[in-house]
Each structure stands twice: as C-alpha cells, then as structure tokens.
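To start, the structure under review is shown below, and the notes come after it.
The values are calculated or read from the model by the stated rules, or taken from the named source; none is laboratory data. Quantities reported herein were computed from a predicted structural model and do not represent experimental measurements. Here the Cβ positions follow ideal geometry from the backbone for every residue, glycine too, while neighbour counts run over all protein chains shown. Calculation scope for accessible area: heavy atoms of the full protein, side chains included, ligands and nucleic acids excluded. Shrake-Rupley method; radii C 1.70, N 1.55, O 1.52, S 1.80 Å.
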Protein chains: 2
Amino acid sequence: MLVKSAWVTKQETGDANMTELSGYIADGAMAFLRAEWKILSYFVIIAAVLLAWSGTTVHNSSPLIAGSFLIGAFLSAFAGYLGMRIATKANVRTTQAAKTSLAQALKVSFTGGTVMGLGVAGLAIIGLGSLFIVFFKMFVKIDVNGEDMAKALDVLAGFSLGAESIALFARVGGGIYTKAADVGADLVGKVEAGIPEDDVRNPATIADNVGDNVGDVAGMGADLFGSYVATMLATMVLGREIHSNDAMGGIAPVLLPMVIAGLGLIFSIVGAGLVRIKGEHDSVQKALNIGNWSSIVLTAIATYFVVQWMLPAGDLFMSRDLANGVPRVGTSFTRDGVFGAILVGLVVGTLMSIITEYYTAMGKRPVLSIIRQSSTGHATNIIGGLAIGMESTVLPILVLAAGIFGSFHFAGLYGVAIAAAGMMATTAMQLAIDAFGPIADNAGGIAEMSGLPPEVRERTDNLDAVGNTTAATGKGFAIASAALTSLALFAAFVGVAGIAHIDIYKADVLAGLFVGGMIPFIFSALAISAVGRAAMAMVEEVRRQFREIPGIMEYKAKPEYEKCVAISTKASIREMVAPGLIALITPVIVGFAFGPEVLGGLLAGVTVSGVLMGIFQSNAGGAWDNAKKSFEKGVEINGETYYKKSEPHKASVTGDTVGDPFKDTSGPSMNILIKLMSIVSLVIAPHLNPNKVPPASVKNQPVKEIKAPTATVAKLNTVKYQ
Amino acid sequence: MLVKSAWVTKQETGDANMTELSGYIADGAMAFLRAEWKILSYFVIIAAVLLAWSGTTVHNSSPLIAGSFLIGAFLSAFAGYLGMRIATKANVRTTQAAKTSLAQALKVSFTGGTVMGLGVAGLAIIGLGSLFIVFFKMFVKIDVNGEDMAKALDVLAGFSLGAESIALFARVGGGIYTKAADVGADLVGKVEAGIPEDDVRNPATIADNVGDNVGDVAGMGADLFGSYVATMLATMVLGREIHSNDAMGGIAPVLLPMVIAGLGLIFSIVGAGLVRIKGEHDSVQKALNIGNWSSIVLTAIATYFVVQWMLPAGDLFMSRDLANGVPRVGTSFTRDGVFGAILVGLVVGTLMSIITEYYTAMGKRPVLSIIRQSSTGHATNIIGGLAIGMESTVLPILVLAAGIFGSFHFAGLYGVAIAAAGMMATTAMQLAIDAFGPIADNAGGIAEMSGLPPEVRERTDNLDAVGNTTAATGKGFAIASAALTSLALFAAFVGVAGIAHIDIYKADVLAGLFVGGMIPFIFSALAISAVGRAAMAMVEEVRRQFREIPGIMEYKAKPEYEKCVAISTKASIREMVAPGLIALITPVIVGFAFGPEVLGGLLAGVTVSGVLMGIFQSNAGGAWDNAKKSFEKGVEINGETYYKKSEPHKASVTGDTVGDPFKDTSGPSMNILIKLMSIVSLVIAPHLNPNKVPPASVKNQPVKEIKAPTATVAKLNTVKYQ
C-alpha cells in the first residue's frame, strides 16, 4: 500500500495552472475535515466520558470501552483522511496521465482508489484485531463461551460505535457539502449564466470539486470502514455463543470473520493487480469486472478451506438455543452450513449490485421510461423517477428476504452474520472501484478548468462514466451489507439484552416499530432540506460575485472560491448535527424508558424502513441522473430525437437535481443510520438486561416473563449465563 | 335522509346549458361505474366461489361467508353509487343556488354531502347489524365467548372483506381516473393552449369533472364504508373474547361498537343541522367546525352513559390473557378503562386532523417554505415538498404510537379496537364534510363552463377552498382510523390464527416484515405510474382534437368530450387490477406457504410502511397544492411579490402536478391497502391455525412451540377453545 501510495505521489502533477487548481481543491477539502473534526472532537470526548462512566455501572462492561470508542473514532476519521489525501493527489496526476493515454489515466486513478481501499480495510482489521487480542488477554480467564468473553466483546463494541458515529457524521456532512456545492454551482452556472460545468469562472466550482472528495471519498471511506468493523463485530458477538470444539480453544467462530476479512484483503490486492487496459478503446468496465470477480471467487474458494480447517466437524449450536442443556430441534448446524451461509451472502451482494445496475443504467427500461416521461414536462419526469425508485425496492427486498431466510437456514443467526461478513470480505476491492470514480471526476474537472485539449477530457469522461455505474452498484452492495449487518447486530442485541422475544403483537413493541419506521423519514427530510437550504445560500453567493466582481466572465478577475468553500463547509457542519443526534439518542431514550423489547421493535422499524428508503432514494437518484446524461448523445421520443438544451432535456435536469440529494446525501446515509442505531443498542444492551439492572427500570418488561413458569426462567438464565 | 335527498332533487337546476353540462358529468360518472362494476362482478363471483369452498374446509367457518361477502361487496358499491347520484344532482343545483347567495349554495352542497354521509353510515350499520343478528341466531347455541360466536364472527368477516375489496378497487380506479383527467386537462389546457381551468373548449374538462365524482365521492364513500365496517368488525371479534357478566347475556362488548356507531349517526344528524351561515361574509369553515365539534362532543357524552349501562362493573378480561383460568397480572380492565380508550381514539383523531391541517394549510411554515423554494426553480420546489412530506410523518406517528400505548393501557387490545370505533363514530358527519368539497368544486366547474357571472364562481370558489382544507384533514383522520383499525384486525388475527407471538427476532418473521414493508412502495409505484401513463394518453387525445377539429378554440365546434371520458375510464379500469391483486393475493400466499406468524410479520410491515407512505404522500401533495394556490393572491419571496404566470408560480405548478397522484391516488389508497390485507388475513386465519389444519402446512411453525412444555400448550388451547 505504501509502495502504491509512493508511486502515485511520484507521478507528474502537470503545469502550474493545474497544480494551483488541485491545490485549491486539496486545501478546501482539508479545511472541511478540520472544521468537521473540531466539532466531532467535542462529541467524541463527551461520549467517551459517558461511556467510561456507564462502563462502571454493570459488571459485564468496563470503563475501557471509552478507550476502544476513542480508537474506533480516531481510526475512522483517519481512514477518511487517508482516502482524501491520496484522492487529492491522484486527481491532478490522473489529468496529467490522461494527456498520454487512457490506460495510464486508469492506472493512476485506480491505484489511488486501491491505496484508499487497502488503507481502510487494513486499518479496520489491524485496529479490531489488536484490540480483540488485548481485551481477550485482559478479561477472558475461564470460559470462552461465557461472560468473560461477553465482557471482552462488549468493550470491543465501543470500537465499532466510535467508527460508526464518525462515519455517520462524515457521510451526512460530506453528503450535504457535496450536493450543496453541486446543486448551487449548476443552478447559477449552467442554468443562469450559461457556462459549462467545471468552468473556472464559476465561483462554486472549486467547492463542487472539493465536495467530490469530502462526500464521495472521505464520507464513503468512513462509511465502509464502519460497515466492515460492524459486520465483523456482530459475527464475533454471535460467535461467542457457539459451542465449538476446535483447535483454537473454542474461539474459532469468533475469529472466523476476521480471518475471512484478511483473506478478502489479500485477494483484493491480487484482484487490483489484474485491473489494467492496453489500448484507447479497451473497456474500462470489463477490466474492473475482471479484477472484482477474481477477488470474489478467490476469496470464496479460500474461505471454503479456512472454514474446513478452523471449525470442527459435527454439530455446532448457540447457547441461546439450548433448552435443559440440549440444543432445540432444528437449531444446530455444521461447518458446511457456515460456508453455505457465506455463499448466500456473496450471492445476495452480487444480485443486489446487478439489480441496482438495471434500475439505474442507461438504455434499460427504467431509465428509458423516465426519458419518455420527460417529453411531457418537469412534473411527469419527477413522477416517473419517483415511481421507478419505489418500484426498484421490490427485487432487492425479495433477494434480501430470501438471503435472510437462506443464511438462517444454513447456520442460524450466526449464518446471517457470517453471510454479511462474506459479502464484506472484499471491501478493499469494492472501495478501490468506488473511489476511482470521484478521482476521475475530479481529474476531468481539473482538465476543464485548465483548458486542456479535448482528448484529455474525453479520456477522463470515459473513466467518469464507468465511475457512475460503479457508484450505483456500490450503493446496492452497501445497502445489502448494511441490512444484513443490522440484522446480525439485532440478533446480537437480543442475546446481550437477555430477552427471549421481540413480540410485535404487544402494543408497546408495535408502537416502537411505528416510531422506528418514522426515523428514516425525518432523517431524510432533515438531510435533503439541509441540501436545499445550503444550495440556496450558494446560489445567492454566486449571484453576488457575478454582480459585484467585474470581469469574472471575461476571465479578467478571479472569483472568490474560498467564500463558496466556506459556505458549504459551514452549512454541512451545522446541518449534520441534528440527524446525527437523532440516530444516537433515540435508542438510548427508548431503551431506558421502555425496555429492551420496545427498543427491539424500534430497531426493526428503523431497519426495514431505512433499507426501503435507502433503495428508493439511491435508485431514483441514479435513474434520474442517467436519464439526464442520455440526452448528451441524443434520445428518441415518439420518433423525434432530442439533445441537450431541448425542453425534455430541461425536464430531465430537474429530475437530476432532485435526485442529487437523494442519491448522495440521504440515500446512502440510511446505511449508517440503521447500523449506528443497532450498535448503540448493542452497547447499551447490558444496561437494559432485566437481570442486571435494578427492578425499577424493567417495569415495562412483559408481565408474562416475570410470572413465567420455572422452566422458562431456567431457559432465560441459560441464555444469559451459559 | 330521504327527506334531505328529496329536498336536493327539488332544487332548481338552472338554464339549459347548465343542465346539459351536468348531464354530461352524470352520464360520464355512470359510464365509469358501469365499466367498473362489470370487471368487479367477475372478481366478486370468483372470490365468492373460493370463499364458499374454503368455508367448507374448517369447522369454524361456513360456506355462508360467501353470502356475507357478496352483500358487503354489493352494499359498498351501492354506497358509492348513492353518493355519486346525489353529488351529480347537487352540483348543478349548487351552481344555481350560488346565483342567489353563499348561504344557499352551502345549504345545497352540504345537504348533498349529508345525504351521502348518512346513507353510507346507515347502510353499514344496517347491513352489519342485521347480518350479525342472522348469524348469531343461526350459529350461537351455547357459549357467547366460545367457538359458536367465533364462527358467527368469521362468517361476518366476509361482509367486511367484500366491502373493503370493492373499496380498494373504487379508490384506486377512481383515483387514477380523476388524476389522469386532471393532469391531462391541465397539461394541455392551462400550459399549452393557455385557456383557464374548466374551460368548455377543453375536451378533457368533462372527464376532469367526472373524476371529482368517481374519485373524491364514490371512491371516498366506498373507502369510509369499508373502514367503518372493518372497525366495528375488529372490535366485535376482540369483544367475543371478553368475559362480561352483563345484562345482554355476555355479548355487550360485541354489541358496543355498533351501538356507538348508532349514537354517532344520530348526533351526526344533529351536528349537520347546525351547519349554516347567514351573510355573504360568514365563515364557512367555522360553520362546519361547529357542526363537527357538536357531533363529536355529544357522541362522547352519550357514549359515557352507554358504556356505563352496557358493560358490567368490576374487572373485564380476554380469553387469551387467561393462564390456568386466571387473567395474568395487568391484563384486566374496567368499563371506565373502555371509555378512556374511546376518548383516546377521539383525541388521536382530532390531533391527526390538526397536524394534517398545519402541514397543508396556506400561510403556515411548511407551505411557506415550499413557496420560498419555488423561487430557485422546479427542482428546489420538488425537494422542498418531498422534505415536508417526510417531515410530516413525525408528529402523526408519535400521536399514533401514544394512542396505541394509551388505549392499550386503558383496556388492552379491546381498547385499541374500541378507540378506533370511537374515532369512526361520527363517520357520517366526516363524510358529509368531505363530500361537500367535490360538490362545490363541480359547481364551480359548471359555473365556469356555462359562463355565469363572476360572483357565482366566487361563491363556489369560497366553498371549494374550504373543501380543500376539509379534504386534507379528512385524510389525516382516515389514515389514523385505518392504522388503529389495522392494529385491531391484527390483534383479532392473532387470536383466530391461534398463535401466541409474532416474534420479529425469528429470521422468517423478519423476512416477512421486510416484504410487507415493501408492498406499499410497489403499490404506490403502480398507482402513480398508472396516472402518469393515463395522463399522457389524455394529453395526446386533447392535442389531437385541437389539431383535427377546427373551430374548437373559437367556440364554433364542440370537442368530443366522450372520447376523453372513455380514455380515463379504460385506463383506470385496466390499471386498478394489478395493485388490487397484490393486496388480495399476497397475504394468502404468505399465509399458506410460511404460516401465520410470518403473515403477522408481513402485516406489521405493511401497516407501518403503509401509514408512513400514506401520510408522506397525502401531506406532500396537499402542501404542494396550497403552495401553488398561494400564488393566486400573490406571495412575497425575499421582498418581491410574485403572482400567477411568474417563474416561481410555474415551479409551484410542477409540484402541484407531482402532488396530484400522491394525494388523490396512491396516498389515500394506503388506508385501504393496509385494512384489506388485514381483513384477508383475518378471513384465512382459521385455515392457518396450527391446531386446525393438517400438520403438513405448519412445518414453518416455530419448533419451540411444538416442543413447548405442557403449560404453554394448555394456554394456547385456552386461547382458542375457551
């Protein structure tokens, strides 16, 4: 990774003009990160103090959880920083490389993406792995299936909480930043002043390019870092409960997700090495596919042998499925079942990517229907896109439901978790593919602003187009992994909170389900209206500069780029607070006021509604975007061909603008929202466990359990103490 | 009612021109109903045959269920027909009355609404009540809390199923009809040809006015008829389980919802009598509020005495809450608790109306924010409206969750159901208020088309504006009642299906929850894209007529109104089939393939997601509509005043057009979707009961229950057979 990073840094940066522009972008991005970190440091310190205090109140947690929280938060922020540093270096070097050939431009931009992917995945594995070793040595004295281990994993959950909290703020803040700048720049620049995208005369253009880095690179890096860690953690928590007679002293099911992640990292490096093209007309998409598929297939094969080697032959079962010391019928599974669940995860991830691509790709039925509806105006374009977005939830949900069913069938709740771990194994490769898009986009921006010859822009546009597709499929993959991760966390939560059911037939649990379902709606509302407000502020600033600074349009005066950067920075930092706090505080309030079962209902509501809203918004946005892009080459509607600047094209621009905050702000935030709320619940679960807190807090526990016959109580205790 | 109906018929219809136009509207509306009935009669016959057959397969159902299904379907269709007949008579008479005074115009239009309200409510009470008496006499021999009564109520559920199925098709078909005509007429008429709304030269204008009747009157009539019946039925099913030592042989809890409905009907007549104004400047809204509040308060007071009289003093409890013959701690309640739950229902309904009004009324923060965002274009107007719609889910969901919690607290599951019944008691009044809006709208249309003097249009516009507000608050009320009704049906389903939990922590139940949550999305997608397609067909037909029939624009030739009516009719009939079948068939497939607990998960998913999508879409649509309307009087944005035809106004028209299918097609359909799926589940519940079907169908039942200790099995049996 360091070698590759050094290689990128060594590439030429081009002429003084290009270097200056890329300098503005890098400075703007750093300015945002600094402002964000400043706010987040307050939050992190307060949260750490609270965690340390709460760690002292129950016996199976520890104040050390504050430490692992701080490390998680720091590494997540560092992962974002790392990605952004390399991206802001790679962008201008990609532009310079595009002067020579497409192959070279791909090499530079994809190497930039690879550095980020390996860095993020590596940080996650090293961070989580070494903390696990420390806490394992520190706490686990007797029983690797018992309370010692539960304590070690609870403290480790702080790491995931830290990572996911930072990820939420980075994703939301970055998402607001990038879309406020993008929408603002387009509304005045393209529509009012009639200058092209990325024109150096547009005061908001630097902010727009900074946005690509802070939103699509830093935000996504922190997001996937969080998912990766959360998936491993959830699997580890469930793995603790597995009675495994293996060569590792019974902790093989706990270690397995980390080993699979390690394999995935290695084969991501191999796969990344295969991504190359030779001629100007070779398919970039094909090269990426070869690399991606190689890493997935190799990881799957290697995983088979690792599972056979690590897990014992014979039946495996979880503590919670024991009744009177014997697993209940149908609850045990084998190591082959575990591998089956991993395959289910890989299939679900692949299908989700394919479905997402279908709904957002040019030339397919969904995008074509939006194009056709653009011919009757703005309103029908919007109706068409909303309908496509809603329709696009059907297949992913059916795949996901089948995936839950299938992975549970193969290996119970551990199967659901390990399926998510399998899906996330090649995160490094996914991230490399995802991150090269914004780098290419930035490279194109720099080419345009520096007035380089058209073939340079053509090459970066080629890369950028592929980047748009990979961004869409990446989102499908991310939402699938978030859904499975949340379910795994949900299952882990039930175990740690010591409840036997989450029964939505109870009035209070059902009320929790309703409130949970509403949270993605208010979260989305806050995020997209924040973009609307910030974009309006940007529009007014750009209009002011055009009015008050004479000579901008004649290239005689330089616009005040930094003012626009400041507007985006300030707005995004201010607006990310409210949605972030909703995600963090709601589970705490509901959990302590109404008990763990109602909190379980809340989590189920958030997860279902969040997955639906995430798919709906991301796909509607992607489809609108590509409907608009289709007009660049000309589209045929009822026998007539329309190009850019036609009335249908204008309608399609409206759809694209509406879709921007959908697909890049609120849509992808849904992933983190559902994961973060699950992790917060997992962290507070020991405090909610009715057997471990004073009776006053459990008055909302179902009366039935308190009065349950002895057999049930015995079973409940088995679940918790065994 | 007949007196009032005769009074309306007796009013003058105005000149020949007006009579001719109103004749077109009445004919178009009848043509739609006939086409709809033709398709539905096939469906009803097939469904009745299936029901009759299925009624023979389990011992606590009966083939008679097909009969009560047919009666329910017929009465629901008849309720719609009745409303439409009186509305198409009242419209032209309101126009004529508006020539003299506002007071007279209100009197005619509101009397029309009242006839419809009383007719629908009366049909429901008489139909359900007399069938109950028949089945009670026929089946109930021994135990009014036991299986005899369960059988009588199961057969009665067929009535509700029939009513709600017709309601779904009427609502969706009518919703597609009205919005296809409206959007189509506006896009060509107002935008392209530049002629005003309701201009006689617009070929789609008759279809538009027909749409007000088939969508807003017939569709809504069938909808509320269904809700009203479903609420009573769910309460009756739960009431059966209550052990009540009352003067009515133990069936007071079963009869109570019907008695409350009867009281509500009587006080609706009283309240309707109070709706009157005197001068031209009296407030119509205030007159309606006085009538509405009087009927609610009087009903609440009367209900108190009825509850005291009908229910016995002392503890009441449900069969399912018995453990070893004694109710579990905290599950019993008193008659005061039942009254408390009814009050909760009234408060929830009132708060929902108030919140809905806030989010959709002119001059309040939500609509003002959309107006402001119209100044930066179509896209920001859309973003603003979507954000408001999403935000508007927060308070209603919190109120609803508190309502579930509160009514359950007062009287358990019976409390949740009776709260819904209390809320629905004054349905007749609600419907009168809701139906007068479209009548006034039509009256305005006829005034415009007949070229009457402006003060006539001014008076009908005054009524229409009030009608828009009442339509919005009516929707808030409808969604709240649908949510509570579904929960009551959900609770009834659990009892009849003989399951003890719906545990979302089980993988298959959770998968059901996901699939259920997705259904409102695909349902909405189908409904709004149907409107989009039908509107485009309408646009093309109107363009063709303008092109091919010379002299339309000079009033020399008459447009072919009937062609546009035919397009709307055909499209709406064709497009209502797919969403209708999804609602009907999904619960059957899931129930039989995966068992009752997974079906319970599906229902919970549908209910939560449906309520959210219903509120989101209805409120976004209402807010966009009033943002557009605000431009008629001029709005101030950043110190400048904008009127109609300004750029911000054009942007607001886009939002209004997007909002049309949201608020009048897919949004209100959500109510029926969630109720219908719950009723279908309730009807098939006896077939899914694990103790009543061959073991092959219960393989997906949780293993735990099969192996449950004897005590649990005893309890389960108690629930079903006691």
From A:GLY28, A:GLY23, A:GLY67, residue being crowded, with 22+ Cβ neighbours inside 10 Å and either acidic (Asp, Glu) or assigned to a helix (DSSP H, G or I) (or both): A:GLY28
Matching residues in segment B:364-388 - criterion: being of a type in the set (Gly, Ala, Ser) and touching a strand residue (DSSP E or B) at 6+ places or on another chain (Cβ under 6 Å): B:SER375
Subset of segment B:402-424 (residues that are within 9 Å of chain A (Cβ to nearest Cβ), open to solvent by 10 Å² or more (accessible area, probe 1.4 Å) and either touching a helix residue (DSSP H, G or I) at 6+ places or on another chain (Cβ under 7 Å) or small (Gly, Ala, Ser) (or both)): B:ALA402, B:PHE405, B:PHE408, B:GLY412, B:LEU413
Residues of segment A:524-553 that turn out to be more than 25 Å from B:MET390 (Cα to Cα), open to solvent by 10 Å² or more (accessible area, probe 1.4 Å) and aliphatic (A, V, I, L, M), as a count: 2
Test: residue in segment B:314-326 that is assigned to a helix (DSSP H, G or I) and of a type outside the set (S, T, N, Q): yes
Filter result for B:LYS650 (more than 25 Å from B:GLU164 (Cβ to Cβ) and among the charged types (D, E, K, R)): yes
Check on A:ILE269, of a type in the set (Val, Ile, Thr) and buried (at least 24 other Cβ atoms within 10 Å of the Cβ): no
Residue within segment B:504-514 that is surrounded by fewer than 24 Cβ atoms within 10 Å (Cβ to Cβ), within 24 Å of B:PRO686 (Cβ to Cβ), in contact (Cβ under 8 Å) with a residue 60 or more places away in the chain and among the charged types (D, E, K, R) present: yes
Filter result (assigned to a helix (DSSP H, G or I) and farther than 25 Å from A:LEU123 by Cα) within segment A:258-288: A:VAL284, A:GLN285, A:LYS286, A:ALA287
Every residue from segment A:554-565 that is open to solvent by less than 50 Å² (accessible area, probe 1.4 Å) and either of a type in the set (S, T, N, Q) or in contact with a Gly (Cβ under 9 Å, 6 or more places away or on another chain) (or both): A:ALA557, A:TYR561, A:CYS564, A:VAL565
Flag if A:THR380 is closer than 23 Å to A:ASN468 by Cβ, within 10 Å of another protein chain (Cβ to nearest Cβ), crowded, with 24+ Cβ neighbours inside 10 Å and not aliphatic (A, V, I, L, M): no
Segment B:383-401: number of residues that are at the interface with chain A (Cβ under 7 Å from one of its Cβ atoms) and among the polar types (S, T, N, Q): 1
Hits in segment B:505-528 - residues which are more than 7 Å from chain A (Cβ to nearest Cβ) and not in a helix (DSSP H, G or I): B:LYS506
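Yes/no per residue for (1) within 14 Å of chain A (Cβ to nearest Cβ); (2) among the small types (Gly, Ala, Ser); (3) part of a helix (DSSP H, G or I):
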{"site": "B:GLU541", "(1), (2), (3)": "yes, no, yes"}
{"site": "B:LYS558", "(1), (2), (3)": "no, no, no"}
{"site": "B:ALA566", "(1), (2), (3)": "no, yes, yes"}
{"site": "B:THR586", "(1), (2), (3)": "yes, no, yes"}
{"site": "B:THR607", "(1), (2), (3)": "yes, no, yes"}
{"site": "B:MET613", "(1), (2), (3)": "yes, no, yes"}
Hits in segment A:449-483 - residues which are among the acidic types (Asp, Glu) and either on the phi > 0 side of the Ramachandran plot or open to solvent by 40 Å² or more (accessible area, probe 1.4 Å) (or both): A:GLU455, A:GLU458, A:ASP461
Number of positions in segment A:632-646 that are within 14 Å of chain B (Cβ to nearest Cβ) and in contact (Cβ under 8 Å) with a residue 12 or more places away in the chain: 2
Residues of segment B:336-377 classified as under 30 Å from B:ASP315 (Cα atoms) and either within 11 Å of chain A (Cβ to nearest Cβ) or crowded, with 24+ Cβ neighbours inside 10 Å (or both), total: 7
One residue from A:GLU147, A:GLU164 being acidic (Asp, Glu), in contact with a helix residue (DSSP H, G or I) (Cβ under 9 Å, 6 or more places away or on another chain) and under 23 Å from A:ILE672 (Cα atoms): A:GLU164
Residue within segment A:621-631 that is under 30 Å from A:ILE519 (Cα atoms), within 11 Å of chain B (Cβ to nearest Cβ) and assigned to a helix (DSSP H, G or I) present: yes
Residue match in segment A:52-63 (condition: modelled with pLDDT under 90, more than 21 Å from A:GLU36 (Cα to Cα), open to solvent by 40 Å² or more (accessible area, probe 1.4 Å) and among the aliphatic types (A, V, I, L, M)): no
Yes/no for A:THR427 being at the interface with chain B (Cβ under 9 Å from one of its Cβ atoms) and touching a residue at least 40 places away in the same chain (Cβ under 8 Å): no
Odd one out for B:VAL254 among (1) within 28 Å of the chain's Cα centre (by Cα); (2) β-branched (Val, Ile, Thr); (3) more than 30 Å from B:ARG335 (Cα to Cα): (3)
One residue from A:ASP282, A:ASP246 being in contact with a Pro (Cβ under 9 Å, 6 or more places away or on another chain) and surrounded by fewer than 21 Cβ atoms within 10 Å (Cβ to Cβ): A:ASP246
First in segment A:382-404 and basic (Lys, Arg), second anywhere and open to solvent by less than 10 Å² (accessible area, probe 1.4 Å), Cβ under 8 Å, 6 or more apart: none
